[in-house]
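See below for the structure under consideration.
The values are calculated or read from the model by the stated rules, or taken from the named source; none is laboratory data. Just so it is clear, the model here is predicted, and its values are computed rather than measured. We place every Cβ from the backbone using ideal geometry, glycine too, and count neighbours over all the protein chains shown. To get the accessible areas, we keep the full protein, side chains included, count just its heavy atoms, and leave off ligands, DNA and RNA. Shrake-Rupley method; radii C 1.70, N 1.55, O 1.52, S 1.80 Å.
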Amino acid sequence: MSQLKGIVFDFGGVFTTPLLPAVLAFEKREGLPKGACIAALYQDEEGVRLTSELERGAISQPEWNEAAAVKLGVAPDNLMGRIFADLRPEPLTIAAAAEAQRAGIKVGILSNSVGLAPWDLYDGYELEALYHSVVISEHYRMRKPDSDLFQIAAKGLGLTAEECVFVDDTEAYVRAAEALGFTGVHATDPQQTVSQLSKLFGVELTVAQ
C-alpha cells in the first residue's frame with residue numbers, strides 16, 4: 001500500500017492553462033517581438049531579480065509593473081494582469097484535485113506569488129475554501145525553490161515530505177522537492193499529470209467530461 005497521503009500542487013500553469021501561450025498572446029497584442037518577455041524578464045539578470053523579489057514579497061506588483069514596463073517598453077498599468085489576461089482554469093487538474101479529496105487524499109497549493117493587487121492570479125478559485133493548505137510565497141518572504149517553503153507546504157497538510165506528491169510545471173522546482181523527499185510530478189500536459197497521479201495513489205482521478 002502506498003505511503004502517499006497528500007498532493008501539493010503548484011498553481012499557475014497547473015491549475016491554470018499554460019503560461020507561455022498567454023505571454024505570447026500578450027506580446028502579439030502589444031506589438032512586441034516574439035520572446036520579448038522571456039528575454040527581458042526571465043533571462044535578463046535584472047529581470048530575474050525583479051521577479052524573484054516580487055515572488056518573495058520584497059516588492060509590490062505595482063512596483064514590478066513599473067520596472068518591467070521600462071524593460072519591455074510598454075505601459076505599466078496593470079502590466080501583470082495584461083500579460084496573463086488569457087489564463088483560464090485547467091478543468092482536468094482542478095477536477096482531479098477534487099476527486100483526490102473525495103478519496104481521502106489531502107490537497108494543498110504551493111505557489112510563487114506574482115503579487116495580489118491590483119491583479120490577483122487566484123481570484124475566483126476559492127483556494128482557501130477548497131483545499132487543506134494554501135501557501136503563497138510572498139506571505140512567507142520566500143520563493144520556490146527555497147527548501148523551507150516546501151516543508152511548510154507539507155506541514156500544512158499535516159504530512160511529511162515523504163508522504164506527499166509535488167506537482168509543478170517548472171522542472172527545477174520538482175527536482176528541488178524530490179531532493180527533500182517528495183515524489184515529484186513534472187506537469188507538462190494535464191491529462192498525463194492526472195494519469196501519473198492516479199497511478200501513484202492507485203485511485204482513478206480522471207473525471208469524465
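Observations, loosely collected:
- Anisotropy class of the range 112-154 from Cα gyration tensor, a/c 1.5 cut: oblate
- Cut-off under 5 Å, modelled amide H: who pairs with Leu205 long-range: Ser198
- With respect to the chain, whose longest principal axis is taken over its alpha-carbon atoms, helix 190-201 is tilted by about 30°.
- Linear extension gain, Tyr140 paired with Lys28, 0.36 nm per residue minus alpha-carbon span: 36.8 nm
- Quotient of Cα Rg and 2.2 N^0.38 Å for the range 1-89, N being how many residues it contains: 1.26
- Cross-link partners for Lys71 among the lysines, with Cα-Cα distance under 30 Å and sequence neighbours closer than 8 places in the same chain left out: Lys28, Lys34, Lys144.
- Over the range 121-209, the ratio between the Cα radius of gyration and 2.2 N^0.38 Å evaluates to 1.12.
- With Cα atoms, 0 to 90° folded angle of helix 91-102 axis to the chain main axis: 30 degrees
- Degrees between helix 61-72 axis and first principal axis of the chain (Cα, 0 to 90, nearest 10): 60 degrees
- Sum of side-chain charges, Leu157 neighbourhood, beta-carbon under 14 Å (Lys, Arg +1; Asp, Glu -1): +1
- Whole-Hz ³J(HN,Hα) from phi, Karplus 6.51 cos²θ - 1.76 cosθ + 1.60, for the range 141-154, glycine and proline x: 6, 9, 8, 4, x, 4, 4, 4, 5, 5, 5, 4, 5, 5
- Surface composition of the range 1-127: carbon and sulfur atoms hold 56% of the protein heavy-atom accessible area at a 1.4 Å probe.
- Restricting the range 110-209 to trypsin sites (Lys or Arg not before Pro) that sit in a DSSP loop and have at most 13 other Cβ atoms within 10 Å of their own Cβ leaves Arg141.
- When the trypsin sites (Lys or Arg not before Pro) in the range 14-55 are filtered for DSSP coil states and for at most 14 other beta-carbon atoms within 10 Å of their beta-carbon, the remaining sites are Lys34.
- CD proxy at 222 nm, helix term only [per DSSP H run n ≥ 4: -39500 (n - 2.57); per residue of the chain; nearest 500]: -12000 deg cm²/dmol
- When the chain is treated as a GNM with alpha-carbon contacts under 10 Å, the residue of Ala103, Ala129, Ala36 showing the greatest mean-square fluctuation is Ala129.
- Taking every DSSP beta bridge that has both ends in the chain, the antiparallel portion is near 5%.
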